[in-house]
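Working notes for the structure below.
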Amino acid sequence: MSSAEVVPSTRIPTVTSTYLDPTSESGRTPLYIARRGRLDGVMLRLDVWEGLRDEATRALDLLEVDELQDRLTAGTVLEASLGELASPLRPPVVLGSLPVRYVAHAGSDILTASRRAENTRNLAGFIAHWTRGYLRGSPVTDGSRPGPVIERDVAPAYHDDQVPFRLVWARTGEHREIRTLLAVRPLEGVLARAWTFPPPMDATTEGEA
């Protein structure tokens, strides 16, 4: 059974942080998130909740920004095909030849991810989307300053045996046209539930026969 609750609007300012704090009481989450995306009870308007969810995820990005920048400046940049990089995730064969730039640490992250979740089709699909330039990431560092920009997007979970993952990459080059995968990190606790979407939104079957 879910321990979700419907919260009166007068209490929203005092309880919202509870749902976004990774150390909060296990199982507490807005009702319609607990019911896999169906709006059974309104705690927050969906657009407001999505904004809060993104800000909470951005807080994780900012906690790791120094490590991410170190990965970019000191890490070994490798080039491979999507099939080689993401082989533990078994991406669609038709996309396996797509070229990918990544730091060695990101390759290790993907191997770890393959052991973390029983079903990694969501992650494989979103890495393929990223490889083709389909993801429009949220900035982690200031894009108005010269130099590399670090961005992040999330591969949501669509099923109970999946885990949502943050994908973090850098854009470098004169026009920031060179994309390098920096990290693949699982989301846990409240944020993992917040990034779990109902199966009808699953777009990870693209390219399959």
Portion, in percent, of the accessible area of region 64-132 that falls on carbon or sulfur, probe 1.4 Å = 49
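Quick one: grab the alpha carbon gyration tensor of region 85-202, order the square roots of its eigenvalues as a ≥ b ≥ c, and give me rounded if a/c is under 1.5, else prolate or oblate depending on whether a/b is larger than b/c. All intermediate terms of the calculation are to be shown ahead of the outcome.
Values: a/c = 1.87, a/b = 1.41, b/c = 1.32.
Verdict is prolate for region 85-202.
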inquiry  = Suppose accessible area is computed on protein heavy atoms with a 1.4 Å probe; arrange H159, H105, H175 from highest to lowest.
reply    = H175, H105, H159
query = Label-point separation (nm) for S144 and E177, each offset 7 Å from Cα along Cα-to-Cβ?
reply = 2.6
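Can you tell me the order of 136-146, 56-66 when each peptide is scored by its average per-residue count of other Cβ atoms within 10 angstrom, highest first? It would help to have the intermediate numbers written out before the result.
Values: 136-146: 12.4, 56-66: 14.7.
In decreasing order of mean packing, 136-146, 56-66 become 56-66, 136-146.
Write down the accessible area per residue of region 64-132 in Å², having rolled a 1.4 Å probe over the full set of protein chains.
Working: 3420 Å² over 69 residues.
Solvent-accessible surface per residue comes out at 50 Å².
The values are calculated or read from the model by the stated rules, or taken from the named source; none is laboratory data. All values reported here derive from a predicted model rather than from experimental measurement. Don't worry about glycine lacking a Cβ; one is built from the backbone with ideal geometry, like all the others, and counts go over all protein chains shown. Heavy atoms of the whole protein, side chains included, go into the accessibility calculation; ligands, DNA and RNA do not. Shrake-Rupley method; radii C 1.70, N 1.55, O 1.52, S 1.80 Å.
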